[in-house]
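The values are calculated or read from the model by the stated rules, or taken from the named source; none is laboratory data. Nothing here was measured: the structure is a model prediction, and the numbers come from that model. Please note: Cβ atoms are built from the backbone with ideal geometry, for glycine as well, and neighbour counts cover all protein chains shown.
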Amino acid sequence: MAGFVIRRALGAVLLLVVTSMVTFAIFFVVPRLAGQTVDQLAAQYVGKDPSQAEIEATKVKLGLDQPITVQYGRFVKGIVAGREYSFGPSTEYCPPPCFGYSFKTQRPVWPDLVDRMEVTASLAFGASVLWLLAGVSIGVLSALRKGSFFDRAAMITALAGVSLPIFFTGLLSLALFLPTGVSYVSITDDPLAWAKNLLLPWITLAFLYAALYARLTRAGMLETMGEDYIRTARAKGLPERIVVTRHALRATLTPILTVFGLDIGLLLGGAVLTESTFSLPGIGRYAIDAINNNDLPQVLGVTMLAAFFIVVANLIVDLLYAVADPRVRLS
Amino acid sequence: MTSPLDVPETATQAQPEAVLAGAGRAIEGRSLGQIAWLRLRRDRVALAGGVVIVVLILAAIAAPLLTRITGGSPTDFHQDLVDPTFSKPKGEGTFAGFSWEHPLGVEPRSGRDVFSRILYGAQISLLIGFLATLVSVAIGTLMGIVAGYFGGWVDTLISRLMDAFLAFPLLLFALALAGVIPDRAFGLSGNTLRIAVLVFIIGFFNWPYIGRIIRGQTLSLREREFVDAARSLGARGRWVMFKEMLPNLAAPILVYSTLMIPANILFEAALSFLGVGIRPPTPSWGKMLADAVPFYSVAPMYLVVPGLAIFVTVMAFNLLGDGLRDALDPRAR
């Protein structure tokens, strides 16, 4: 087991390294291939009508004059060990994990990301409770009454749910129920106002995922109910309730929980569309602003954070699977 | 096939012997395609989806013709139809601005014709949806077949690559990539470049989904007798993969392509909504929704119309895709 954990953890670290390289390449290699010069890149961070001297100075200040391998090395060192930045006469130490300072606002990236984590986490966890409860129960009921009116209505609604873009349902629900918009209140300030403000984003996000989960659960449940061991359970006289909950539901839920873990990991790295629809100041909103400003340290930071959550979620799901499912071989 | 026996009309009632004798069409073999078509024909919901798709494609192709009939061009400003103080379409009620010249109203602020923008937006959505799916399916099928057929370290490498792709924060990468491409690059410029970039990004990031499915199917096909037969006749890897296995993979490829198109249409709409998709003035449904945000209380129809356009298109593809899967995959019932 220990060997398995170590191997998986190493794989996760490797994946993060690859992600950081690809993100770096997106910003430093792809624009060069497309014909943009380093001077043009640096000029974006100077201001209006930059002079050549200012561009050169900015290149040195941001480290853009160095070869890309050196820049990448500095970036990795900052995350692992922190790094020192010199601002004219004074030097500032940026403790690990250090994602540097924004090219545009000169603010350190990591503290800003930590500040915004609360919004994204609140959104993700609140919505996930709703969609897990709604999606799984609707899926199970649909499977148990396959072909009934309830099943057909639920499945048409679910298909509509996965066909509706979240920014449309979000805007529509805002226009119908809350034309003034959503303003985030921290849970530590006022838990009631926090829940009240997030209710609409939760329901909107949960509608999409509940639709997905209802479809998944129904399909999984139908497959499980056709298995031999369900017939065996019935044949030995178990009540239908026990057959459904202990035997069928248990087997159906394992793959659902896998998907659930991955979805949570994905959302924690920024619910980009939901946050920008409801103007919530979370990680996703930060990512959009960073990309629109072409602010490289911010984009690198937010992409790494998102990749971190996905990789960790993958790892946890894998390990739990190995514990829960005796068929997974650890070698 | 033996030629049909010359039997009088009344003789069709005597069944078992006639069948055994090979008379009539009852014993004719049906190909998988025929069986699937027979099943699909009974699935009214899937057929409705297919009809909607055909209508949409025709409308998108005929967009210049249709807009000439109504008289609206997607880029002409009609500021006389817009209320100058609230920048909403003139008129009362929800359907303000709707008229015979402008069947779906006009845009707030600029007064451009919404109907023609929806039609031209359909061109963009469908074009990117289809082309991006083509890219994903081409890469995914190739990688999936190669991984499944060769196995061993090739399989390990490709499988790990697919895992890595699925572990990337795709939307962020797509946004970042679409954002850093300058307006003129790779010998292309303007919206031709934007479309090419979007097709590449969406297609390239989604191939592992179909790659995994094809790999799994190839693994089971590899053990079938006809592959052994081909190999024993001296067929090499490339022949077995593309002449023997690929035709047998047609069903899953068709099903998952149909289900990927709507996902890609949603992806394009999301990128355009977030401001890194098609550049104005070329219309795009996602961009129209983003433009509608400041006006959702004064001109709600401008939000509803492009939203419904996306919804109807995506739903139609999903219905057809689900129907195709049920028709082509005997285990799915």
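When you look at B:Val276, is it among the β-branched types (Val, Ile, Thr) and touching a residue at least 60 places away in the same chain (Cβ under 8 Å), yes or no? Outline the logic, then answer.
Working: among the β-branched types (Val, Ile, Thr): yes; touching a residue at least 60 places away in the same chain (Cβ under 8 Å): yes.
So B:Val276 fits the description; yes.
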Self-check item: Positions within segment A:2-54 being small (Gly, Ala, Ser) and out of contact with any strand residue (DSSP E or B) (no Cβ under 6 Å at 6 or more places or on another chain), in sequence order
Solution: A:Ala2, A:Gly3, A:Ala9, A:Gly11, A:Ala12, A:Ser20, A:Ala25, A:Ala42, A:Ala43, A:Gly47, A:Ser51, A:Ala53
Quiz item: Any residue at all in segment B:236-256 that is facing chain A (nearest Cβ under 10 Å) and either in contact with a helix residue (DSSP H, G or I) (Cβ under 9 Å, 6 or more places away or on another chain) or surrounded by fewer than 21 Cβ atoms within 10 Å (Cβ to Cβ) (or both)?
Solution: no
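Could you list, in sequence order, the residues of segment B:115-152 that are among the polar types (S, T, N, Q) and closer than 30 Å to B:Asp291 by Cβ?
The initial filter retains those residues of segment B:115-152 that are among the polar types (S, T, N, Q), namely B:116, B:123, B:125, B:133, B:136, B:141.
Result: B:Ser116, B:Gln123, B:Ser125, B:Thr133, B:Ser136.
Going by what's in this entry, would B:Leu259 be described as within 13 Å of chain A (Cβ to nearest Cβ), modelled with pLDDT of 85 or more and part of a helix (DSSP H, G or I)?
Numbers: within 13 Å of chain A (Cβ to nearest Cβ): yes; modelled with pLDDT of 85 or more: yes; part of a helix (DSSP H, G or I): yes.
Taking the combined requirement at face value, the residue satisfies it.
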Exercise. Please work out if B:Leu170 is within 10 Å of chain A (Cβ to nearest Cβ), of a type in the set (A, V, I, L, M, F, W, C) and within 19 Å of A:Asn292 (Cα to Cα).
Key: yes
Quiz item: Just one of the numbered conditions (1) surrounded by 14 or more Cβ atoms within 10 Å (Cβ to Cβ); (2) touching a Pro at 6+ places or on another chain (Cβ under 8 Å); (3) closer than 30 Å to A:Leu33 by Cβ is not true of A:Cys94; which one?
Solution: (3)
Practice problem: With respect to B:Ile124, determine if the residue is assigned to a helix (DSSP H, G or I), more than 12 Å from every other protein chain (Cβ to nearest Cβ) and closer than 18 Å to B:Ala270 by Cα. | Solution: yes
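I'd like to verify a number: residues in segment A:176-193 that are part of a loop (DSSP other than H, G, I, E, B) and not β-branched (Val, Ile, Thr), how many? Give the derivation first.
Here is the first cut: in segment A:176-193, the ones part of a loop (DSSP other than H, G, I, E, B) are A:178-190.
Filter once more, keeping what is not β-branched (Val, Ile, Thr): A:178-179, A:181, A:183-184, A:186, A:189-190.
Looking only at that region, the number is 8.
Give the residues of segment A:175-193 that are in contact with a helix residue (DSSP H, G or I) (Cβ under 7 Å, 6 or more places away or on another chain) and at pLDDT 80 or above, sorted by residue number. Please lay out each step first, then the result.
The first filter runs over segment A:175-193 and keeps only residues in contact with a helix residue (DSSP H, G or I) (Cβ under 7 Å, 6 or more places away or on another chain), leaving A:175, A:177-178, A:181-187.
Answer for segment A:175-193, where residues must be in contact with a helix residue (DSSP H, G or I) (Cβ under 7 Å, 6 or more places away or on another chain) and at pLDDT 80 or above: A:Ala175, A:Phe177, A:Leu178, A:Val182, A:Ser183, A:Tyr184, A:Val185, A:Ser186, A:Ile187.
Quick one: how many residues across segment A:267-304 are among the aliphatic types (A, V, I, L, M) and under 21 Å from A:Ile79 (Cα atoms)?
First pass over segment A:267-304, keeping only residues among the aliphatic types (A, V, I, L, M): A:267-268, A:271-273, A:280, A:283, A:287-288, A:290-291, A:296, A:299-300, A:302, A:304.
After this cut, where a residue has to be under 21 Å from A:Ile79 (Cα atoms) as well, the list is A:268, A:283, A:287, A:290-291, A:296, A:299-300, A:302, A:304.
Here the count works out to 10.
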Self-check item: Hey, A:Val80 more than 29 Å from B:Phe186 (Cα to Cα) and assigned to a helix (DSSP H, G or I) or not
Solution: yes
Quiz item: Which condition does B:Phe115 not pass, out of (1) out of contact with any Pro (no Cβ under 6 Å at 6 or more places or on another chain); (2) more than 29 Å from B:Gly216 (Cβ to Cβ); (3) away from chain A (no Cβ under 14 Å); (4) among the hydrophobic types (A, V, I, L, M, F, W, C), if it passes all the others?
Solution: (1)
Self-check item: Every pair of residues 6+ apart whose Cβ atoms lie under 8 Å, when the first sits in segment B:41-62 and is closer than 20 Å to B:Phe115 by Cβ while the second is among the small types (Gly, Ala, Ser)
Solution: B:Val52/B:Ala316; B:Ile53/B:Ala316; B:Leu56/B:Ala122; B:Leu56/B:Ala316; B:Ala59/B:Ala122; B:Ala60/B:Ala122
Quiz item: Name the pairs: first residue in segment A:173-202 and touching a residue at least 12 places away in the same chain (Cβ under 8 Å), second residue in a loop (DSSP other than H, G, I, E, B) and of a type in the set (Phe, Trp, Tyr), Cβ to Cβ under 9 Å, at least 6 apart or on different chains?
Solution: A:Leu174/B:Tyr296; A:Trp194/A:Tyr184; A:Asn197/A:Tyr184; A:Leu198/A:Tyr184
Quiz prompt | Qualifying positions in segment A:291-312 - within 9 Å of another protein chain (Cβ to nearest Cβ) and more than 16 Å from the chain's Cα centre (by Cα) | solution = A:Ile291, A:Asn292, A:Asn294
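Got a number for residues in segment A:291-304 being part of a helix (DSSP H, G or I) and either basic (Lys, Arg) or in contact (Cβ under 8 Å) with a residue 24 or more places away in the chain (or both)? If you could, list the steps in order and put the result at the bottom.
Let us first name the residues in segment A:291-304 that are part of a helix (DSSP H, G or I), namely A:291-292, A:296-304.
Next cut, either basic (Lys, Arg) or in contact (Cβ under 8 Å) with a residue 24 or more places away in the chain (or both) only: A:296-304.
Final tally of qualifying residues: 9.
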Quiz item: Which is within 11 Å of chain A (Cβ to nearest Cβ), surrounded by 13 or more Cβ atoms within 10 Å (Cβ to Cβ) and within 18 Å of the chain's Cα centre (by Cα), of B:Ile195, B:Ile181, B:Ile201?
Solution: B:Ile201
Quiz item: With respect to B:Leu308, is the statement that it is under 22 Å from A:Val272 (Cα atoms), facing chain A (nearest Cβ under 10 Å) and crowded, with 24+ Cβ neighbours inside 10 Å true?
Solution: no
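So is B:Leu219 within 13 Å of chain A (Cβ to nearest Cβ), in contact (Cβ under 8 Å) with a residue 40 or more places away in the chain and either over 16 Å from B:Ser136 (Cβ atoms) or among the polar types (S, T, N, Q) (or both) or not? Break it down into steps so the answer makes sense when it comes.
Details: within 13 Å of chain A (Cβ to nearest Cβ): no; in contact (Cβ under 8 Å) with a residue 40 or more places away in the chain: yes; either over 16 Å from B:Ser136 (Cβ atoms) or among the polar types (S, T, N, Q) (or both): yes.
When the stated conditions are applied, B:Leu219 does not pass them.
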Quiz item: Among (1) touching a residue at least 24 places away in the same chain (Cβ under 8 Å); (2) among the hydroxyl-bearing types (Ser, Thr, Tyr); (3) away from chain B (no Cβ under 14 Å); (4) surrounded by 17 or more Cβ atoms within 10 Å (Cβ to Cβ), which single condition is A:Thr58 missing?
Solution: (1)
